[in-house]
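The values are calculated or read from the model by the stated rules, or taken from the named source; none is laboratory data. This one's a predicted model, so the numbers in the text were calculated from it and none came from an experiment. Quick reminder, even Gly has a Cβ in these numbers, built from the backbone with ideal geometry, and neighbours come from all protein chains shown.
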Amino acid sequence: MLTYLNESTTWPSIQLVACLLILWDLLTFRRGASRHRPAMAWLAYALCVACAMTVVKLLCGVRPPPGPLEAMLTVALCLAIGTHRGDLAHLLRTARAVMLRLWWRVRR
């Protein structure tokens, strides 16, 4: 059953833990007094489904083991979501501001 997790490579286990942490952050997010954004809710739902499917596929051995690039991208996404405590709207606003700052620097 746990075919790929018993191999000597650690990339599948790194991606598995990162996906589980993303799921945890998104599922335990509380928006408090901020307004409900349906698009962000659907985006969070789609990300939860994608992470859950990745976890199930890794545990069942359905998909080939991930390489270092895929695992590190998942870890980067996990760190980004974790630093914003699961708030996708805040994460996207921050990413947009950074991209605009970079665009203005390149444009000069």
Subject >> Residue list for region 35-53, filter: outside any helix (DSSP H, G or I) and free of Cβ contacts under 8 Å to residues at least 12 places away in the same chain >> reply: R35, H36
**OP:** Among what's in region 8-33 and is in contact (Cβ under 8 Å) with a residue 40 or more places away in the chain and assigned to a loop (DSSP other than H, G, I, E, B), pick the residue that is surrounded by the fewest Cβ atoms within 10 Å (Cβ to Cβ).
**Re:** T28
**OP:** Return only the number of the condition from (1) exposed (fewer than 13 other Cβ atoms within 10 Å of the Cβ); (2) free of Cβ contacts under 8 Å to residues at least 12 places away in the same chain that C60 does not satisfy.
**Re:** (2)
Original post:
Identify, please: which residue in region 14-53 is at pLDDT 90 or above and of a type in the set (S, T, N, Q) and is, among those, nearest to the chain's Cα centre (by Cα)?
Top reply: Q15
Original post:
Counting only residues that are modelled with pLDDT of 90 or more and either in contact with a Ser or Thr (Cβ under 6 Å, 6 or more places away or on another chain) or outside any helix (DSSP H, G or I) (or both), how many does region 54-85 have?
Top reply: 2
**OP:** Give me a count of the residues in region 58-106 that are closer than 25 Å to W11 by Cβ and over 16 Å from the mean Cα position of the chain (by Cα).
**Re:** 8
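In the set L77, L69, which member is without any contact (Cβ under 8 Å) to a residue 60 or more places away in the chain and either among the aromatic types (F, W, Y) or loosely packed, with under 13 Cβ neighbours inside 10 Å (or both)? Talk me through it step by step, then tell me what you get.
Details: L77 fails: either among the aromatic types (F, W, Y) or loosely packed, with under 13 Cβ neighbours inside 10 Å (or both).
When all the criteria are applied, what remains is L69.
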Original post:
Does A46 satisfy being of a type outside the set (D, E), on the phi < 0 side of the Ramachandran plot and surrounded by fewer than 15 Cβ atoms within 10 Å (Cβ to Cβ)?
Top reply: yes
**OP:** Can you confirm whether region 88-102 contains a residue that is of a type outside the set (V, I, T) and at positive phi?
**Re:** no
